[in-house]
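Data first, discussion second: the structure below is written as structure tokens.
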Amino acid sequence: MGDAFCSDCKRYTEVVSDHSAGDTVCSECGLVLESHSIDEKSEWRIFANESGDNDPVRVGGPTNPLLTDGGLSTVIAKPNGASGDFLSSSLGRWQNRGSNPDRGLIMAFKTIATMSDRLMKLEVEVEGYSSDGRPMGKFHLASVERKLSLVATIKDRANEIYKKVEDQKSSRGRNQDALLAACLYIACRQEDKPRTVKEICSVANGATKKEIGRAKEYIVKHLGLETGQSVEMGTIHAGDFMRRFCSNLGMSNHAVKAATEAVKTSEQFDIRRSPISIAAAVIYIITQLSDDKKPLRGLDADISVATGVAEGTIRNSYKDLYPHVSKIIPSWYASEEDLKNLCSP
């Protein structure tokens, strides 16, 4: 109900809106003041045939410049709960007759998006010890599952890399899952958000670290030949992993700040270890200097699980860092007396 000027009544009268017909009618004389009006309000009715489908969205996704038609083509999907006769129907036959040149790309992009949001489950090798310190053999521990959580820019970059590889028509016969995982790994490095090969491997549909490494070398080589210049992947620093590893361990902001400064200072020394191993060793040192010590040995080796670095590797990296610990650890975080209390490697 509302007020509007009626030309017959010569005054403002109450009007009634007939939404089904789109008419606005005077409540006193019945004159149609406006017809076939457009309702500009949101429409949230469900038009799906399946009772379980409650998605009111009836628009497609955004355009994709990597696809031939910009991603604006129509694909008729098989309805939920439909029988196998759907594909033999006239609608299904027409769908199968048309060849979509981007079908392989669309499936690859979906796989990259799935891997980016998939839960990781890392396994690290740790050693068990008895109460008197004797080794009891090696065990495998699975970390707490957590998402890879890659931002949209990394997914888009991975899609671009795969599109360039696919355009060369030289990837046939290769492990598709390893190629997609390698694209994701390269994209992470180019966007300055590197992930370890082990992390990428844990979401790569069964592709091994060796297969992903070979696929990465293949992509870098062929894209370099195409452009005439080497593919820039960025340099990995131990600090790139520090905040994420500290977050996995639930360390305090005070300890995270100290670890970040320490790992940056460690770059001044010739420590021939991988950035990931150095980051794990620095975290071990920082936690041993804090009240909330994180174990390295035993079945509850938190640092090894959180970083995905084997216990023996952390121990060896700690051995290389130990001679420089007085210069690496910030003086505001630990005194010389505290540093002397660190266990000797």
Hey, A204 of a type in the set (A, V, I, L, M, F, W, C), buried (at least 19 other Cβ atoms within 10 Å of the Cβ) and modelled with pLDDT of 90 or more or not: no
Residue list for the stretch 10-46, filter: at pLDDT below 65 and either closer than 27 Å to R103 by Cβ or surrounded by 10 or more Cβ atoms within 10 Å (Cβ to Cβ) (or both): I46
Odd one out for E337, checked against (1) modelled with pLDDT under 90; (2) in contact with a Cys (Cβ under 9 Å, 6 or more places away or on another chain); (3) open to solvent by 10 Å² or more (accessible area, probe 1.4 Å): (2)
Search result, residues across the stretch 207-223 that are of a type outside the set (A, V, I, L, M) and open to solvent by 20 Å² or more (accessible area, probe 1.4 Å): T208, K209, K210, E211, G213, R214, K216, E217, K221, H222
Filtered residues of the stretch 181-194 (kept if open to solvent by 30 Å² or more (accessible area, probe 1.4 Å) and not in a helix (DSSP H, G or I)): E191, D192, K193
Filter pass, S170 being among the small types (G, A, S), open to solvent by less than 80 Å² (accessible area, probe 1.4 Å) and at pLDDT below 90: yes
Residues of the stretch 47-67 satisfying the condition of being surrounded by 12 or more Cβ atoms within 10 Å (Cβ to Cβ) and at pLDDT 75 or above: N64, L66, L67
Cross-chain or 6+ apart pairs with Cβ under 9 Å, the stretch 246-267 first and farther than 14 Å from S326 by Cα, then open to solvent by 90 Å² or more (accessible area, probe 1.4 Å): N248/V144; V256/R243; T260/R243
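The values are calculated or read from the model by the stated rules, or taken from the named source; none is laboratory data. Keep in mind that what you see is a predicted model, and the values were worked out from it rather than measured. Here Cβ is always computed from backbone atoms with ideal geometry, including for glycine, and neighbour counts include all displayed protein chains. Ligands, DNA and RNA are stripped out before the accessible areas are found, and what is left, the full protein with its side chains, is counted by its heavy atoms. Shrake-Rupley method; radii C 1.70, N 1.55, O 1.52, S 1.80 Å.
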